[in-house]
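Everything below concerns the one structure shown next.
The values are calculated or read from the model by the stated rules, or taken from the named source; none is laboratory data. Bear in mind that the values here come from a model prediction, so they are computed numbers and not experimental data. Note that we place each Cβ from the backbone using ideal geometry, even for glycine, and neighbour counts take in every protein chain shown. Quick note on the areas: whole protein, heavy atoms, side chains included, nothing else; ligands and nucleic acids left out. Shrake-Rupley method; radii C 1.70, N 1.55, O 1.52, S 1.80 Å.
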Amino acid sequence: MSTTTTQTSTTTQVEEKKDFSKYDYANLEPYVHPPETKADLPWSELVTLDLEDYNREGGKERLAKQLAHAVHHVGFFYVKNFGIPQEDVDHQFTLAKHFFELPTSEKEKSEINYGAADYNGWRRPGRSLVASARDNIEIFNIPKFTDDFKGKYHYPDLLEAHMPEIEKFQRALHANVVLPLLRLFALVLELPDEEYLVKQHTYDKKSEDHFRYMIYYPRTEEEWEAAKYGATGGHTDLGTVTLLFRQPVAGLQILGDDGNWTWVTAQPGTITVNLADTISHLTGGWLKSSVHRVVAPPEDQRDSKRTGLLYFARPHNDTKLLPITDSPVLEKEGVKPRFDKIVTVEEWVKAKQTLQLNPEIAAKRWAERGDGKVEVLAGFHDQKYKE
Ligand SMILES: O=C(O)CCC(=O)C(=O)O
Ligand SMILES: [Fe+2]
């Protein structure tokens, strides 16, 4: 009797398990990056941190020194040797490629709840206006693999088949890149506790970190003209740091202190890192959340799709966005809170995402003021950047 029961349940389990073999990498055409541009562009000069140096004697101090100028003045730098095999990175690009090639009817099942400012899931292209053209961006955001998000979102079989590996990849980015960088920031800020920022970014506590597949579709010349070639897209990211895997299709530009835009290059084996708003809030603006935008690629890459792989790190939702009090560096600068009341990361994310995901709300708020600024939350404003 008991044997029969066991057999029945085993059979049921086998029947329920889907056959995902068609999603094995051997059966998925690999993603191949388009060739780099030959255009002679004004490239940004960014430092590269070799994270392999991190665990060597005196390595952290060397890296912090290398980083000090970048984090206060530029807000962008590269990291290399971050302990993730290139093959794993390539696999993620392959998943991104195949995800975006799924029919809309499939992707729609994972569509973002825009009204709730919940950015996890699929963001369809063309939702917002860029100058007078529809945007050409499609996104898929995957939250952390913690209990807070378990079972909350629908994934197509293509991604279900690779979930354990996506989780491993995401956790490796957090552990190998985000946390070491936070310790380096603590050194730059001369914090007595090197783990101060790390303690606000534990993987298993609730936060709005997410991993992203992103694609920019080619546009016709007329569409680019209507979109002002992307010149109006200047923005800062809203979290702690953003990680962007090597992107050979040029387009990403950084606004310098001198008011000029420079282009980010595709250094082999690197991740481009930019500081974002919450780390800036935690330092009263001393750490720089840099303004950047993605413009029309140079002529020789205009017809390429631009597939991207990104990770957005954020502090725990309950973190209060006040300047850190025990940094001699910040004390000397006399930095001030950037909000006119105490706000948490959760409130900040919701406020900024509401504007980002709901173009009609944002447009109304920009228009109300008419000075190129919009209040995101509690007296803190974002602005539209010059073309
Ligand atoms: O794709 C890129 O190069 C950057 C994208 C970006 O700025 C963003 O998603 O916030
Ligand atoms: Fe950005």
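The gain in end-to-end length when the Glu375 to Ser132 segment is fully stretched comes to 85.2 nm, 0.36 nm per residue minus the alpha carbon separation. For segment 192-316, the fraction of C-alpha pairs farther apart than 22 angstrom is 42 percent.
Per-residue ellipticity at 222 nm computed for the chain from its helices equals -8000 deg cm²/dmol, with DSSP H segments shorter than 4 residues left out and the rest contributing -39,500 (n - 2.57). Farthest towards the positive end of the charge dipole of the chain, among the residues Gly259, Ser304, Pro42, is the Cα of Gly259, using unit charges on the Cβ of Lys, Arg, Asp and Glu.
Dividing the convex hull volume of the alpha-carbon atoms in the chain by its residue count gives 174 Å³ per residue. Report for segment 38-168 the percent antiparallel among DSSP-assigned beta bridges with both residues inside it, nearest 5. Bridges in segment 38-168 are about 60 percent antiparallel. Positive end of the dipole of segment 21-383 (Cβ unit charges, origin at the Cα centre): among Gly151, His381, Tyr23, the Cα lying farthest that way belongs to His381. Between Asp326 and Glu165, full extension at 0.36 nm per residue minus the direct alpha carbon distance yields a gain of 54.1 nm. Remark: segment 21-383 carries a charge dipole of roughly 580 debye about the Cα centre, counting +1 on each Lys and Arg Cβ and -1 on each Asp and Glu Cβ. Each part reduced to its alpha carbon centroid, segment 111-138 and segment 196-255 end up 13 Å apart. Taking only the Cα atoms of segment 252-349, the radius of gyration and Dmax are 17.1, 51 Å. Alpha-carbon geometry of segment 147-232: the Rg and the Dmax are 19.1, 55 Å, given in that order.
Note on Arg124 and Asp300: with the Förster distance fixed at 35 Å, the Cβ-Cβ geometry gives a FRET efficiency of about 0.75. On the basis of the beta-carbon distance and an R0 of 56 Å, Asn358 and Asp24 show a calculated FRET efficiency of 0.90. For the chain, the solvent-accessible area works out to 47 Å² per residue, with a probe of 1.4 Å and every protein chain left in place. Find how many whole Å separate the alpha carbon centroid of segment 294-314 from the alpha carbon centroid of segment 338-387. With segment 338-387 and segment 294-314 each reduced to a Cα centre, they are spaced 25 Å. Excluding same-chain neighbours fewer than eight residues apart, the aspartates and glutamates reachable from Lys18 by a Cα-Cα span under 12 Å are Asp157, Glu160. Out of Leu287, Leu187, Tyr217, whose Cα points farthest toward the positive end of the dipole of segment 21-383 (charges: +1 Lys, Arg; -1 Asp, Glu; placed on Cβ)? Of the candidates, Leu287 comes out farthest on the positive side.
Rg and Dmax, both from the Cα atoms of segment 71-133 and both in Å, are 16.9, 45.
A DSSP coil position with no more than 13 other Cβ atoms inside 10 Å describes the following GluC sites (Glu not before Pro) in segment 85-189: Glu101.
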